[in-house]
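One structure below.
Any read-out appearing in this document is the output of simple, stated calculations on the displayed coordinates, not a laboratory observation. Because the structure is predicted, anything quoted here is derived from the model rather than measured. Neighbour counts run over all protein chains shown; Cβ positions are idealised from the backbone, glycine included.
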């Protein structure tokens, strides 16, 4: 007997890639460029997700401390934790264990699935591959980082599986400018739609991103400049 596809009642799904403290806060081990702007846009997108009851598939990278090429998002450290407002109230987290099992009514029970991965390519994690391949939605909206590695692998993998993919370009972050520009061109050439978050969720401005403790994110630089004027 053929099992039914993993179907969402709602037709959009947000794919949240690697929104962890080491990548998105100023004191993180591999902080993205322009982290304040990207964090502000991610926070707006997550507010829109909550308001419109959009389901979310998240991936979080956990590396071992002996991997010198990736000295960030080390399992058990504060830097590996998710940015708080990217985690919904009703979520289920799967470990990176090599298994593929999950409940067929997953998105009836939970608003968000969080899958741990041990590689920059989410599709190397068997359960992540299966969930992303089998879930049925009209559009997959992608945020997170880094653009030049995990986001690129996520988008290209979804496109390979015949999914409609929209990348929210101001809600993804990169560590290196040139490789990220190449990655965006690759995604677009393969069929991804590139838009900014304002096109999807509307305008609005945040003075503080509410997670990073640096002066810029806490609005102190704006206050100092105003006082100097």
Full-extension gain between residue 11 and residue 124, please, as 0.36 nm times their residue separation minus the C-alpha to C-alpha distance.
38.1 nm
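With all pairs of different alpha carbon atoms counted, what Kirkwood hydrodynamic radius in Å does segment 131-223 show? Display every interim value, and only then the final one.
Working: mean 1/r = 0.0684 Å⁻¹.
Every distinct Cα pair counted, the radius reaches 14.6 Å.
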For the chain, find the longest principal axis of its Cα atoms and tell me its angle to the long axis of helix 177-189, 0 to 90°, nearest 10.
40 degrees
Using Cα springs under 10 Å in a Gaussian network model of the chain, which residue among 109, 61, 188 shows the largest mean-square fluctuation?
109
Could you identify which residue out of 145, 76, 210 has the top mean-square fluctuation in a GNM of the chain using Cα springs shorter than 10 Å?
76
In nm, spacing of pseudo-spin labels at residue 108 and residue 189 (7 Å Cα→C-beta vector):
4.4 nm
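Residue 164 to residue 78: extension gain in nm, 0.36 nm per residue of separation minus the Cα-Cα distance? Don't jump to the answer; show the numbers that get you there.
Values: separation 86, 0.36 × 86 = 30.96 nm, distance 3.42 nm.
Stretched out fully, the residue 164 to residue 78 stretch lengthens by 27.5 nm.
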So for 82, 136, 29, fewest C-beta neighbours within 10 Å to most, what's the order?
136, 29, 82
On C-alpha positions alone, give me the angle between the axis of helix 35-52 and the longest principal axis of the chain, in degrees, nearest 10.
50 degrees
Which entry in [x] 1.00; [y] 1.16; [z] 0.96 matches Cα Rg over 2.2 N^0.38 Å derived from the coordinates of this structure?
[x]
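Run the numbers for residue 200 and residue 100: contour at 0.36 nm per residue of separation, minus the present Cα-Cα distance, in nm. List each step's numbers first, then the result.
Values: separation 100, 0.36 × 100 = 36.00 nm, distance 3.25 nm.
Working it through step by step, the gained length comes to 32.7 nm.
Pairs of Cα atoms under 8 Å, at least six residues apart: use those to get the relative contact order of the chain, whole percent.
Numbers: 431 pairs, mean separation 56.4, N = 229.
It comes to 25 percent, rounded to a whole number.
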